[in-house]
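Q: The following block contains the structure, expressed as structure tokens.
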Amino acid sequence: MFHKTIHNLSLTDSSVLAFLVFFNLRLYLAPASSEADYAQGIFLVTLCFQCITLILSRGEILTHPRARGICHRLGLLIGVLGLYLLAMREALAALQPVLLDQNLIALDQFLFGAVPASYFDQYVSFGLTEWFAFFYYSYFILIASTTLPSAFFGRSSLARGLVLGPVMLVCVGHILYTIVPGRGPYIAMSFQNELIGGFFWQQVNHMVSQQGALLDIFPSLHTAIPTFLTSYLFVYRRQWPVRISWYIIWPILLFFTLNIIIATMYLRWHFAVDVIAGFSLALLVTWVTCRYNPSDAQREAKGQQPILEPCFGPRH
């Protein structure tokens, strides 16, 4: 059973397990606090839950492919998305890190002569703030319209990458947050002009203050995931169904990605080096995803399960 589980693990499974093990170890060694107590419990339960779902699905205790598919996919979603919503803010705070905002400011100034957020301060207006807040918010729409459908229904090589890439980015990104902790320009710097916007700016502010991890700036996942989607779909531009709407979808995606990247700095959430780190990580993960995304036939030849077994969608 355990041998079969290990044999059937995919790179996506291994990424989530490594992420959970890393945080459980870090939280075990964290200074005592209410945040540490809460996060330790949630992360430990999530790791146990993840192991159980993998044993049930990858270990083939569940014999029906669709049952394995449902168990496996829900396990991944809860292990990544659910954990972020439940305990990531407390986990990062529990580590009681020494913030590196001043180091990031100095690096921005050394590389570019100024922090972009400070440069954009002179151009702040209601219209620009609302424009960039809309694109910042659209980040979640991009994920909901690409990764989540693939996670629930996809089985093609295209869909497998649309799950693997964002999962790897989230896992690696959050590990790096513990190594390069910071709050961002909006906390670490002062500005002459206040950001004032309408509906979307209010939504972004509420989202960050209520659900954001707050210590999650390096790398910028708002840069990394849209960049990954843009570069990955470029690689797969000749594959169905991308090829039938390539000349419409990709320019729109590229336009949104560029605006989201600028929005991270205009809205004072990120330094330029955060964006560079996110962009670089996205290109690396794109390469890994395209290089290590075996077909179901290749895995079957090795006696392994498909990476994504049937779930709510068709069997083939």
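The values are calculated or read from the model by the stated rules, or taken from the named source; none is laboratory data. These numbers were taken from a predicted model, which means no experiment stands behind them. Using ideal geometry, Cβ is built from the backbone for each residue, glycine included, and neighbour counts are taken over all protein chains shown.
Q: Collect the residues in the stretch 183-193 that are surrounded by fewer than 13 Cβ atoms within 10 Å (Cβ to Cβ) and either in contact (Cβ under 8 Å) with a residue 40 or more places away in the chain or touching a helix residue (DSSP H, G or I) at 6+ places or on another chain (Cβ under 7 Å) (or both), keeping them in residue-number order.
A: Selection gives Gln192, Asn193.
Q: Which of (1) surrounded by 15 or more Cβ atoms within 10 Å (Cβ to Cβ); (2) modelled with pLDDT under 90; (3) over 23 Å from Val167 (Cβ atoms) is the odd one out, the single condition Ala30 does not satisfy?
A: (2)
Q: Right, here's the next one. Need the failing condition index for Val180 against (1) β-branched (Val, Ile, Thr); (2) under 25 Å from Phe256 (Cα atoms); (3) out of contact with any helix residue (DSSP H, G or I) (no Cβ under 6 Å at 6 or more places or on another chain), just the number.
A: That leaves (2) as the condition not met.
A quick yes/no check of all residues on (1) closer than 24 Å to Pro166 by Cα; (2) surrounded by 22 or more Cβ atoms within 10 Å (Cβ to Cβ):
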residue	(1), (2)
Phe43	yes, yes
Leu74	yes, no
Leu77	yes, no
Leu81	yes, no
Leu85	yes, no
Pro97	no, no
Phe110	no, no
Gly113	no, no
Ser118	no, no
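Q: Name the single residue, out of those in the stretch 282-296 being under 9 Å from Tyr232 (Cα atoms) and of a type in the set (Ser, Thr, Tyr), that is modelled with the lowest pLDDT.
A: Thr289
Q: Given the conditions (1) under 15 Å from the mean Cα position of the chain (by Cα); (2) in a loop (DSSP other than H, G, I, E, B); (3) modelled with pLDDT under 95, report the number of the one that Trp240 does not fulfil.
A: (1)
Q: Among Thr289, Thr264, which is the only one that is part of a helix (DSSP H, G or I), touching a Leu at 6+ places or on another chain (Cβ under 7 Å), in contact (Cβ under 8 Å) with a residue 24 or more places away in the chain and surrounded by 14 or more Cβ atoms within 10 Å (Cβ to Cβ)?
A: On the way: Thr264 fails: touching a Leu at 6+ places or on another chain (Cβ under 7 Å).
Criteria check complete, one pass: Thr289.
Q: Another question about this same structure. Among (1) surrounded by fewer than 19 Cβ atoms within 10 Å (Cβ to Cβ); (2) over 21 Å from Tyr137 (Cβ atoms); (3) in contact (Cβ under 8 Å) with a residue 60 or more places away in the chain, which single condition is Met207 missing?
A: For Met207, the failing item is (2).
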